There are 2 protein chains.
Amino acid sequence: MKFELTILGSSSATPIFNRNPTAQVLHVNGKLFLIDCGEGTQQQLLRYGINAQRIEHIFISHLHGDHYLGLVGLLSSLNLNGRTKPVHIYGPPELKEIVDIQLKHSQTQLRYPLQFNFTQAETPAILLENNDVRVETIILNHRIPCTGFKFSQQKRPLNLIKSKIETLEIPVEQIPLIKQGADFVDKFGRVHLSADLTTKPQEAKSYAYCSDTLYSQTYLDSISGVDLLYHEATFMHNMLKRAEETYHTTALQAGKVALEAQVKYLLIGHFSARYRELEPLLAECKTVFNNTSLAIEGRTFDIGNIPLK
Amino acid sequence: MKFELTILGSSSATPIFNRNPTAQVLHVNGKLFLIDCGEGTQQQLLRYGINAQRIEHIFISHLHGDHYLGLVGLLSSLNLNGRTKPVHIYGPPELKEIVDIQLKHSQTQLRYPLQFNFTQAETPAILLENNDVRVETIILNHRIPCTGFKFSQQKRPLNLIKSKIETLEIPVEQIPLIKQGADFVDKFGRVHLSADLTTKPQEAKSYAYCSDTLYSQTYLDSISGVDLLYHEATFMHNMLKRAEETYHTTALQAGKVALEAQVKYLLIGHFSARYRELEPLLAECKTVFNNTSLAIEGRTFDIGNIPLK
């Protein structure tokens, strides 16, 4: 039940001070989800020893270059390295046009299926739902259409205590029912309560990614109570005017969002090139919301163990 | 009269082993020319302390991603960092389409003029000529239209020995004539020979860049006698069949090209991801042409001082 986030890039707009543009990998039960894909993402995957071929789903929040310019290079490298299994991309419709024209002019025929799933930035929608996770859009407020993404682990069944199967002679067909919470009646007619047969499963956790947005309360419902919130904090609060002009958030405001949405833990990232040192952004954010870390490149956050130590 | 080449990337197709896709910077008398622009080029410029704002002309050999995918990110960063002076791009016509669609969907209005100059891959053409340099295309033979670029320093006038101006009372209007080789007649009617008034200028040097190509003799004329030739050497010669299938050159063949074209010095690059160690490629090439180096990232080659030590 792995549910971990690795930061590949934390810079806004331009790479600087060894910070790369935005990209993250979410590990969910052995599967990898790539969230945004700034220029140099494939180099970052190599740097941190993450096998790009394990990525099945790629989510692009919006079409500012710092969030997607690494995509075509990554898709091309997957192809050159022998990929055959599909890649699913979730992003604005125009992204397909951008990818297609580049594959066309390089005369590249991908040897794997590339499946686009278009996002829209008006109302939240479910993009993907499988046994592991449900992914929904978060409607953000940026200069161009932009969505965040919320990843919710699916609720797991109860864990049946293995030794009980033998001692009580539980038939195989009864096991799924017990895992759903049913009691068990053995061959002597004795009732064994569900609570005595099972242990509680790991709690289903959730992660919300708010890439680029003006601070507002419109998306609080979408991220309410998540275990881990990544929120952009491009500027310090003394740059509020600039943040508002460019539809970005300050570190103080990111803390307010976390507080108002009652999330358990906050990561701030998407740092402006004007900040060589990031500690002041963290300190400012913590004046409002203490459970916060910086989204430093190469760091992995275990969402299954919030609050983080 | 600086004429230096700095390697920013030397990998073919996919980045690997800390090698980035192809990009180079040519320094010509204080001006910077960018030659190809693979993904991560702007990060490489930062890494090697090269001010991207000094780049005026960008040359793209062809539209395989490893040669241009860093372009839109670079253009965007130049804009965000306040550029106002023009950028001139030389490349296939389809490159404009690729750049335009991405500027459009990110709703980016560049604050500097972006001037495209289209290359064609049928016959060599002069792309640029100014006081410093002449740039011509080299017609290569790749899977898609592809040109190399030849940079020739302009012949410099003779250097007038400064002390002569005062001692012989040379009028200002005579100076350009003397620099072109004219003798000087002083106010007493005495003739001073050009050879006594001047020293020889630095020799005009040349650099040829052959990005991706099948080995052939068709472009030997275009690169004949250059001081420095960069030639791709994607594979070792035991991979000749693969090289031919993919329209690439082996290290041995790169040496043959250098020999046949009678160049003074050779750099090999564009190394396949299958080679962690590059010394065997260099050794193979040197069996044919000894004056060869590897195009290692971050290394600068002084074309004014060939043969290199």
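Computed quantities for the displayed model
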| read-out | value |
| --- | --- |
| Ranked A:SER163, B:SER61, A:SER293, criterion: other C-beta atoms within 10 Å, fewest first | A:SER163, A:SER293, B:SER61 |
| Likely footprinting exposure, A:ARG242, B:ARG19, fewest C-beta neighbours within 10 Å first | A:ARG242, B:ARG19 |
| Karplus-derived HN-Hα couplings along segment A:184-194 (A = 6.51, B = -1.76, C = 1.60, θ = phi - 60°), whole Hz, x at Gly and Pro | 10, 9, 7, 5, 8, x, 7, 8, 10, 5, 3 |
| Teacher prompt: A:ASN159 distances to equivalent labels in other copies, 7 Å Cα→Cβ, nm | 8.0 |
| Helix axis angle, B:94-105 relative to chain B longest principal axis, alpha carbon, degrees | 70 |
| 5 angstrom amide H check on B:THR119, placed H, neighbours 5+ away | B:GLY91 |
| Minimum Cβ-to-axis distance in chain A for the rotation onto chain B, with residue, whole Å | A:GLY40, 2 |
| Using a 7 Å Cα-to-Cβ projection, A:ASP302 label spacings across copies, nm, ascending | 5.5 |
| Label point 7 Å beyond Cα of B:GLU97 along Cβ direction - residues of segment A:99-117 with amide nitrogen under 14 Å | A:99-108 |
| DSSP bridge orientation in the protein assembly as shown - percent antiparallel, rounded to nearest 5 | 55 |
| Segment A:109-169 and segment B:91-118: distance between their alpha carbon centers, rounded to Å | 36 |
| Per-copy distances of the B:LEU110 label point, shortest first, in nm (7 angstrom along Cα→Cβ) | 2.8 |
| Formal net charge of residues neighbouring B:PHE151 (Cβ-Cβ distance under 13 Å; K, R +1; D, E -1) | 0 |
| Total charge dipole magnitude, segment A:159-199, about the Cα centre, Cβ charges on Lys, Arg, Asp, Glu only, Debye to nearest 20 | 60 |
| Where labels lie 7 Å past Cα in the beta-carbon direction, separation of B:GLU4 and A:THR199 in nm | 6.4 |
| For segment B:25-100, size of Cβ-based charge dipole, Lys and Arg +1, Asp and Glu -1, in debye | 440 |
| Antiparallel DSSP beta bridges within segment B:1-142, as percent of all bridges there, nearest 5 | 55 |
| Test item: Cα-centred dipole of the protein assembly as shown, Lys/Arg +1 and Asp/Glu -1 on Cβ, debye | 800 |
| Karplus-derived HN-Hα couplings along segment B:134-140 (A = 6.51, B = -1.76, C = 1.60, θ = phi - 60°), whole Hz, x at Gly and Pro | 10, 10, 10, 7, 10, 7, 9 |
| Amide proton proximity set for B:GLY9, modelled H, under 5 Å, gap of 5+ | B:ALA23 |
| Chain A: antiparallel DSSP beta bridges as a percent of all, rounded to 5 | 55 |
| Other-chain or far-sequence residues with amide H under 5 Å of A:THR213's (modelled H) | A:THR249 |
| Residue exposure sequence - A:VAL172, A:VAL28 - by fewest surrounding Cβ within 10 Å | A:VAL172, A:VAL28 |
| Summed residue charge, Cβ within 12 Å of A:THR119's Cβ, Lys/Arg positive, Asp/Glu negative | -2 |
| Pairwise label distance in nanometres, B:GLU173 with A:LEU80, each label 7 Å out on the Cα-Cβ vector | 6.2 |
| Net +/- balance of residues flanking A:PHE235 in space, Cβ distance below 9 Å, scoring K and R +1, D and E -1 | +2 |
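Every number here is computed from the coordinates shown, using simple stated rules; none is lab data. Keep in mind the model is a prediction, meaning the values are calculated, not measured. A quick note on method: Cβ atoms are made from the backbone with ideal geometry, for glycine too, and the neighbour counts reach across all protein chains shown.
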